[in-house]
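For reference, the structure is listed below as structure tokens.
The values are calculated or read from the model by the stated rules, or taken from the named source; none is laboratory data. Just so we're clear, the structure is a prediction, and the values are computed from it rather than from any experiment. Reconstructed Cβ throughout: ideal geometry from the backbone, glycine too, with neighbour counts over all protein chains shown.
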Amino acid sequence: MNIFRLAGDVSHLVAIIILLLKIWKTRSCAGISGKSQILFASVFVTRYLDLFTIFISLYNSSMKIIYISCSIATVYLVYFKFKATYDGNHDTFRVEFLVVPVGGLSFLVNHDFSPMEILWTFSIYLESVAILPQLFMISKTGEAETITTHYLFFLGLYRGLYLINWIWRYYFEGFFDLIAIVAGLVQTVLYCDFFYLYVTKVLKGKKLSLPA
Amino acid sequence: DTDTVPKDEL
């Protein structure tokens with residue numbers, strides 16, 4: 001464990017909590033892409049199946065349980081409890097265009113052709129594009145609530161910190177996982193446009209509105 | 001290749 005990976009995990013946890021609190025407190029999931037939340041829940045479920053097979057550390061197991069439960073709770077809030085506030089008309093990204101290629105690629109490019117490894121690879125590839133429905137929805141509505149931009153900032157930051165963690169681990173431990181690194185790069189690059197808007201607008205107190 | 005890297009990351 002190094003400071004960048006810990007900061008990344010904390011940033012990820014902050015993002016997940018911000019979203020859950022935003023929906024719970026405002027009793028509304030306006031502006032939130034339910035499709036992205038379903039993809040994130042799938043990412044955690046397919047990646048953390050080893051929760052029951054191997055024990056790495058209390059930290060590792062408890063974070064996995066928190067991520068899985070918070071993401072499933074968020075999906076429940078969006079599609080059931082606060083379904084009336086779900087903006088389905090703008091959450092129209094065709095997720096099959098993500099899941100099918102990612103599913104195929106995880107069978108073709110992986111470290112080991114075993115069920116657990118293929119599911120892990122699927123989860124890594126899926127996570128790198130899971131935010132697309134959310135970014136697509138913001139581009140369609142032309143704006144995002146400020147709290148939603150903070151959620152996206154920490155979510156994008158987390159994998160960026162993981163990239164630094166992988167540089168650190170390669171340099172000090174000789175460890176590197178090309179699949180995770182390439183997917184992490186794609187994932188972080190997808191946020192660049194948002195990061196620019198976040199820094200130039202939201203951090204200056206303006207609302208995030210895209211030129212519609 | 002079965003060099004599955006250790007999965008100690010989240």
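Key figures for this structure:
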| quantity | calculated |
| --- | --- |
| Lone unmet requirement of (1) touching a residue at least 12 places away in the same chain (Cβ under 8 Å); (2) away from every other protein chain (no Cβ under 12 Å); (3) touching a Ser or Thr at 6+ places or on another chain (Cβ under 9 Å) for A:V182 | (1) |
| Single residue of the range A:77-131 satisfying the filter (charged (D, E, K, R), within 14 Å of another protein chain (Cβ to nearest Cβ) and over 19 Å from the mean Cα position of the chain (by Cα)) that is farthest from A:D193 (Cα to Cα) | A:D112 |
| Condition check for A:G174: without any contact (Cβ under 8 Å) to a residue 24 or more places away in the chain, over 27 Å from A:G88 (Cα atoms), within 14 Å of chain B (Cβ to nearest Cβ) and surrounded by fewer than 19 Cβ atoms within 10 Å (Cβ to Cβ) | yes |
| Unique match (being of a type in the set (A, V, I, L, M, F, W, C), surrounded by fewer than 14 Cβ atoms within 10 Å (Cβ to Cβ) and at pLDDT 95 or above) among A:A84, A:A73 | A:A84 |
| Every residue from the range A:167-194 that is assigned to a helix (DSSP H, G or I) and either touching a Gly at 6+ places or on another chain (Cβ under 6 Å) or more than 16 Å from A:S128 (Cα to Cα) (or both) | A:I167, A:W168, A:R169, A:Y170, A:Y171, A:F172, A:E173, A:T188 |
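For (1) within 14 Å of chain B (Cβ to nearest Cβ); (2) more than 14 Å from A:Y76 (Cβ to Cβ), each residue gets a yes or a no:
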site	(1), (2)
A:M1	yes, yes
A:R5	yes, yes
A:V10	yes, yes
A:A15	yes, yes
A:I18	no, yes
A:L21	no, yes
A:R27	no, no
A:G31	no, yes
A:S36	no, yes
